[in-house]
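The values are calculated or read from the model by the stated rules, or taken from the named source; none is laboratory data. The structure presented is a predicted model; accordingly, all values stated were derived computationally and were not measured. Virtual Cβ from ideal backbone geometry, glycine too; neighbours counted across all protein chains shown.
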Amino acid sequence: MADKNVGFIGLGIMGRPMAKNLLKAGYAVTVFDVVGSAVEELVTEGAQSVSSSREVAEATPVIITMVPDSADSEAAIMGPGGVLEGASAGDTVVDMSSIAPGSSQKIAAACEAQGVNFLDAPVSGGEPKAIDGTLAIMVGGKQDIFDSQLDMLDVLGGSIVLCGDYGAGNTTKLANQIIVAANIEAVAEALVLAKKAGLDPNTVYQAIRGGLAGSTVMDAKAPMMIEGNFAPGFRIRLHQKDLHNAILTGKELGVPLPVTSAIQQMLGSLMNAGKADADHAAIAHFIEDMAGVTISGR
């Protein structure tokens, strides 16, 4: 049974609704984020606020971190004013950030050195599934610690799988991100082709979504491309970061990732064009620009 007193560090697009779901489920939640407005929003819903990651750990035996990248996780947990400065032996850190597997293993070693339990537990599903508590949660760590936190994770996720030891959660997340990126890029190519051929992209989408090409990604992202709505559910800059980590991990393991590398370059180009904070469905912009046509007709 997970302790009902939980700390939450990182209240961005994903972290904010996740922390709210814990509050709704009856957890006492202590929060910290460098963005004051995000903290204030959670406080109005019943959370307690503190001034640092260290203070979160001092106040709670279970600490969730949900920050952008490896360096952010390492700073929040191991850095000055970080979780390990306030944690006690027997506490549990659940890092739900999407980071490099090697970084998760580094954090796990630092936690174990202080008698602190650790899980790496990145998620997939974007803001909609964070809001409704049905995220896919991919976990790395020890079985007994996983079991002890399963009730809490069940508040946040619809699918929760222990994938292996430390770093396995983030390796699984990288595999997920490769598939999602390639799927979005393929949907973009298909709809641009349809539009340039004079077809209605929505008609093409409706015609193929029930066949083998249909997917959760297509159903989430094709309507955004058709509407020209790229309000972020998962930002381009974060997916670019994930693919960068995948490529580095592939290099370490001797695994070529040619399609992943090409899409990572597309995302980098879009970032340079000022679209870093658009939804990753805006991969469509890269294909549209090359084809000289827009799916939405905007």
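Just to check your reading of the model, which residue among 135, 150 is within 25 Å of residue 74 (Cβ to Cβ) and either at pLDDT 95 or above or of a type in the set (D, E, K, R) (or both)?
Just one listed residue meets the conditions, 135.
For the structure I just gave you, tell me whether residue 103 is more than 22 Å from residue 150 (Cα to Cα) and assigned by TED's automatic domain parsing to the domain that holds residue 57.
It is true that residue 103 is more than 22 Å from residue 150 (Cα to Cα) and assigned by TED's automatic domain parsing to the domain that holds residue 57.
Mind checking whether some residue in the stretch 252-268 is part of a loop (DSSP other than H, G, I, E, B), under 23 Å from residue 195 (Cβ atoms) and in the same structural domain as residue 200 (by TED's automatic domain parsing)?
Within the stretch 252-268 (the criterion being part of a loop (DSSP other than H, G, I, E, B), under 23 Å from residue 195 (Cβ atoms) and in the same structural domain as residue 200 (by TED's automatic domain parsing)), the answer is no, since none of the residues qualifies.
Anything in the stretch 40-51 that is in contact (Cβ under 8 Å) with a residue 24 or more places away in the chain and either surrounded by fewer than 18 Cβ atoms within 10 Å (Cβ to Cβ) or of a type in the set (Val, Ile, Thr) (or both)? List them, or say none.
41, 45
Give me the helices (runs of 4 or more DSSP H) completely within the stretch 1-73, filtered to those with at least 3 residues that are under 17 Å from residue 127 (Cβ atoms), ordered by residue number.
Details: elements: 15-24, 36-44, 53-59.
Passing ranges, in order: 15-24, 36-44.
Restricting attention to the stretch 93-132, which residues are without any contact (Cβ under 8 Å) to a residue 60 or more places away in the chain and in a strand (DSSP E or B)?
93, 94, 95, 117, 118, 119, 120, 124
Name the residue, out of 29, 62, 34, that is among the β-branched types (Val, Ile, Thr) and over 28 Å from residue 245 (Cα atoms).
Residue meeting the stated conditions: 29.
Identify all residues within the stretch 138-177 that are among the β-branched types (Val, Ile, Thr) and touching a Leu at 6+ places or on another chain (Cβ under 7 Å); write none if there are none. Spell out how you get there, then give the answer.
Within the stretch 138-177, the subset among the β-branched types (Val, Ile, Thr) is 139, 145, 155, 160-161, 171-172.
Scanning the stretch 138-177 gives 139, 145, 155, 160.
Considering only the stretch 17-33, how many residues are among the basic types (Lys, Arg) and either buried (at least 24 other Cβ atoms within 10 Å of the Cβ) or not assigned by TED's automatic domain parsing to the domain that holds residue 135 (or both)?
From the stretch 17-33, those among the basic types (Lys, Arg) are 20, 24; that's our starting set.
Still in the list and also either buried (at least 24 other Cβ atoms within 10 Å of the Cβ) or not assigned by TED's automatic domain parsing to the domain that holds residue 135 (or both): none.
Residues in the stretch 17-33 being among the basic types (Lys, Arg) and either buried (at least 24 other Cβ atoms within 10 Å of the Cβ) or not assigned by TED's automatic domain parsing to the domain that holds residue 135 (or both): 0 in total.
Take the conditions farther than 17 Å from residue 7 by Cα and buried (at least 24 other Cβ atoms within 10 Å of the Cβ) and apply them to residue 124. Does it pass?
Working: farther than 17 Å from residue 7 by Cα: yes; buried (at least 24 other Cβ atoms within 10 Å of the Cβ): no.
No; evaluated as a whole, the condition is false for this residue.
Given the criterion loosely packed, with under 14 Cβ neighbours inside 10 Å, charged (D, E, K, R) and either more than 13 Å from residue 178 (Cβ to Cβ) or in contact (Cβ under 8 Å) with a residue 12 or more places away in the chain (or both), identify the matching residue among 275, 251.
Matching residue, one of 275, 251: 251.
Just checking, which of 131, 184 is surrounded by 15 or more Cβ atoms within 10 Å (Cβ to Cβ), in contact with a helix residue (DSSP H, G or I) (Cβ under 9 Å, 6 or more places away or on another chain) and assigned by TED's automatic domain parsing to the domain that holds residue 268?
Details: 131 fails: assigned by TED's automatic domain parsing to the domain that holds residue 268.
Answer to the check: 184.
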